[in-house]
Amino acid sequence: MRLLAFALAVGLAAGALPLPGRSPQAAFAAIPNNSGQNLTGPRECDEAAQLDGNGQPVVPAGATQVGGSDTFTEDRGSLASLYPDRLTNTDAMYPLPCDPSIGGASPPPVPTPSPDELDAANALQKFDQVKAPLIAKQAQTGSLPRPQFPGGKVVGCKIQGQNVPCDSPLFLRSGQPFEGRDVIYVHGLQLHQIKDRIKHKAGAIQTWPANQAAFLNAGGYYRADAEAYWHDHIRENLFDPDGNHTNPNSGWQWTSTDQQPVYVPKSNRYLIVAWSSNQTIDYAQSALLTQLDLAMRYGTNVVTPPAYPASHVRPFCSNGCVIVSHSAGSLVTSTSMSIAAHGGFGFGGMLMASRIYAHVSFEGAISGSPLATIGVAAAQGMTVPAALCNVWTNMLNFSSGCSANASTAFVAHSILRDLIPYVAQNVWGPILNESPVPTLTIAGGHPSANDYSITKIVLPGLDDGVVSMNSACGNPNPALLGPPPSGLVPTSLVKAFDMTENGAQFMRNAKLFLSQENVGQLAPAPTYLASACTPYLSTTGMVMPVLAAFGSTPFDARRRYKNHYSFIQGVIDHSFDPGDPSNQWPSAAGNPAWWLRHYLHYSIDNVEETSAVTDANIYQQFNDGTYLVHPSFANIHEIVRGRSFQYKLFGKIHRVWIWKRTYHLLDKWEKKQSSHYVYEFVGRR
């Protein structure tokens, strides 16, 4: 109750919540516009239809030429042309001068938690209060001496036989992803490794650094896993990693110069890093830095396609690398770069960190995931409620139950330990917060987020099935059960619901809205909704009718760890971006480039991507002329969907809306996917 009172006081003081006797519309008009511009302007706003008691439109007396319409979609053009008085490249342009939503159906009510769900939530909260602080203390001590890398000056760089500084912009190549920079891939949690270890499979028992061959050598257990993890992603976005580097079904692109999607194999060199999910994060950090050191000094495991310019001679990463990570790999990467930059891996580690241009985090477990808490709780022999046990056994595809035994004891000393949100945020959060490497986040809110039967009680708010939006967006707000996710208060729950008359899409949108409504018992207002990376856009790209965005409060969705920039959000499932075999890219099946790409199905195709940019520094330009994210990324279109009718009265045609929803979606969203935007716009001139 004290939390509720505090939040209400903050909102009332700011004029953000409606006061007694004050209409919501008046309160909405009083919200400070963080773009510094007035909310009103010369633009004419869409008009809502007058409806009778049966919900039917009322036609004014004397009206002629009355005509209705079916549900339709209208592309109104780019935001830059529609709102010329606003900076439309970040969410500072919101709220819009006109109400983005009109009418619609009532959203579904939040179901009452079942006894099993309440038992599960109580068990996890007890773990966070009692066990997690002890585990965090253990994690702080570390369990592996960090290797010390000597480093040294990078030399021997040539172009057409002539000596050139190794960081020369002459090595940049227009038309290639990241201007031709080298790429490092860092995979996420691999649950099958934990499953193999429980079953005593020989490969999974090998560890870093004792069994380095398993991580470094072709065919090694962990190296083979890492290569399989990124195989389809690399073929989709770079070239065929199987040796057929001219495969015409690789290197997807649809740039401004392409009339339609095409395959154009790229020529970036890359390194895949292998680490073990069966060990704690400090082993993964050591494995990452060691493999990066070997690649930079000796070219170990660096893949060079035939199309790489033969006239270019330079060590790996000498003019900057881009790290692409997924899931737990994001936490591994950012903590490694931070520790290295601050001397934890010796002078060579500092040099390695300085040569990383950017880090792209796909569906990052930046603040961990409560699903990891379940695994560690079971491994430690806690009395795990049946509902949580079902989650754990389903994750591993086991039927043996959750009783702790000698085979599962190692789980408490696996990467799952570090992915417990309390540990991720309290031990590793302050460390990744000091990473000098700019991190760009791609986050998803997907309707299939209840895959393990009670996941919604474990992952309140929007999530991709494994990590919450707070975690994937790089928001340091608590990811534990108890405090509500970052969010907003809408002007109307009806207007905040992504209305549609498409039955399958309606069900999908209802699932997403239930996630937004599922915020726990401490919500700061009765109509509080969980947010995506920005409170002003849903993961479907719908412009939210925001009454209060809770800026600079404990519920602020726009907070970020230092040097973290939310980039893209969409209806993205957790496993999509590395190339989930259950949701293959068409390039994996030899289909043409124009073939529909979608995120995991939920009755309909999930294809939407929208901007998650909250900080204009994401468009910063470096001395070599490249942009962290090229400003042309912000070519965003306003799409309107709804049902309207028109009539003529007193010589004027009137168009009024029975219902309407407004969407701000990235250019070419119908065919592009999250990784396509990354490879087109990051690190470009």
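The values are calculated or read from the model by the stated rules, or taken from the named source; none is laboratory data. Just so it is clear, the model here is predicted, and its values are computed rather than measured. Cβ atoms come from the backbone with ideal geometry, glycine included; neighbour counts cover every protein chain shown. When the accessible area is computed, the model is the full protein with side chains, heavy atoms only, and any ligands, DNA or RNA have been set aside. Shrake-Rupley method; radii C 1.70, N 1.55, O 1.52, S 1.80 Å.
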Q: DSSP loop (so not H, G, I, E, B), at most 15 other Cβ within 10 Å: list which GluC sites (Glu not before Pro) in segment 588-685 pass both filters.
A: 670
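Against the empirical 2.2 N^0.38 Å scaling, what ratio does the C-alpha Rg of segment 276-400 come to?
For segment 276-400, the normalised Cα radius of gyration comes out at 1.37.
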**Q.** segment 496-629 shape via C-alpha gyration tensor axes, a/c threshold 1.5
**A.** oblate
Q. Residue by residue through segment 359-367, which ³J(HN,Hα) values in whole Hz follow from phi under the Karplus form 6.51 cos²θ - 1.76 cosθ + 1.60 (θ = phi - 60°), with glycine and proline marked x?
A. 10, 9, 10, 8, 6, x, 8, 5, 10
Q. Normalised by the residues of the chain, what does the relative contact order come to in percent, with Cα pairs under 8 Å and at least six apart?
A. 20
Q | 3J(HN,Hα) from dihedral phi, segment 529-545, Karplus parametrisation 6.51/-1.76/1.60, rounded to Hz, x for glycine, proline | A | 10, 5, 10, 7, 4, 10, x, 8, 9, 7, 6, 7, x, 5, 6, 7, x
Q: Using the Karplus curve 6.51 cos²θ - 1.76 cosθ + 1.60 with θ = phi - 60°, work out ³J(HN,Hα) for each residue of segment 77-88 in order, rounded to whole Hz, and write x for Gly and Pro.
A: x, 6, 4, 4, 7, 7, 10, x, 8, 10, 7, 9
Q) Taking R0 as 30 Å, what's the FRET efficiency between residue 126 and residue 393 from their Cβ-Cβ distance, rounded to 0.05? A) 0.90
Q. Under a 5 Å amide H to amide H cut-off, with H placed in plane at 1.01 Å, what residues pair with residue 51 once short-range neighbours are removed?
A. 58
Q: Taking a cut-off of 24 Å between Cα atoms, list the lysines near residue 648, but don't count ones fewer than 8 places away on the same chain.
A: 660
**Q.** Violating pairs (Cα-Cα greater than 26 angstrom) within the set 195/511; 495/562; 511/672
**A.** 195/511; 495/562
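Could you state the accessible area per residue of the chain in Å², with a 1.4 Å probe and every protein chain left in place? Before the final figure, lay out each step's value.
Working: 25750 Å² over 685 residues.
Result: 38 Å² per residue.
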(Q) Looking only at the chain, where both bridge partners belong to it, what percent of the DSSP beta bridges are antiparallel (to the nearest 5)? (A) 65
Q: Quick one: angle between helix 221-237 and the longest Cα principal axis of the chain, in degrees between 0 and 90, rounded to 10, please.
A: 50
**Q.** Residue among 506, 432, 466 farthest towards the positive dipole end of segment 423-551, charges placed on Cβ
**A.** 506
(Q) For residue 137, give me every one of the lysines with a C-alpha distance below 19 angstrom, ignoring sequence neighbours fewer than eight places off in its own chain. (A) 126
**Q.** Mean Cα-pair separation over length for segment 532-624, i.e. relative contact order, pairs under 8 Å, 6 or more apart, %
**A.** 34
Q | Cut-off under 5 Å, modelled amide H: who pairs with residue 566 long-range | A | 441, 614
Q: With a/c under 1.5 counting as rounded, go ahead and sort segment 305-366 into rounded, prolate or oblate using the C-alpha gyration tensor (a ≥ b ≥ c being the square roots of the eigenvalues; past the cut-off, prolate if a/b is larger than b/c, else oblate).
A: oblate
Q) Using a simple spin-label model with points 7 Å from Cα along the Cα→Cβ vector, what separation in nm is obtained for residue 594 and residue 211? A) 5.0
Q: Please give, to one decimal in nm, the separation of the simple spin-label points placed at residue 199 and residue 304, each 7 Å out from Cα toward the Cβ.
A: 4.0
(Q) With angles folded into 0 to 90 degrees, how steeply does helix 2-13 sit against the dominant principal axis of the chain? Use alpha carbons for both and round to 10. (A) 60
Q) What FRET efficiency do you get for residue 174 and residue 244 if R0 is 25 Å and r is their Cβ-Cβ distance, rounded to the nearest 0.05? A) 0.50
Q.
If you consider only alpha-carbon coordinates, what radius of gyration and Dmax does segment 84-218 have, in Å?
A. 27.1, 73
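Quote the charge dipole size of the chain about the Cα centre in Debye, to the nearest 20; the model charges only the Cβ of Lys and Arg (+1) and of Asp and Glu (-1).
In debye, rounded to 20, the chain gives about 1020.
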Q.
Defining a contact as two alpha carbons under 8 Å apart and six or more residues distant in sequence, what relative contact order in percent does segment 197-283 show?
A. 26
Q. By a straight-distance test (C-alpha under 26 Å), which lysines pair with residue 158 as possible cross-link partners, with residues fewer than eight away in the same chain excluded?
A. 266
**Q.** Simple spin-label estimate for residue 653 and residue 80 in nanometres, 7 Å along Cα-Cβ
**A.** 3.0
**Q.** Cα long-axis angle, helix 370-379 against the chain (0 to 90 degrees, to the nearest 10)
**A.** 50
Q) Considering only protein heavy atoms and a 1.4 Å probe, what is the carbon-and-sulfur percentage of the accessible area of the chain? A) 54
Q) Amide H neighbours of residue 356 under 5 Å, counting only residues 5+ apart in sequence or on other chains, H built in-plane at 1.01 Å? A) 321
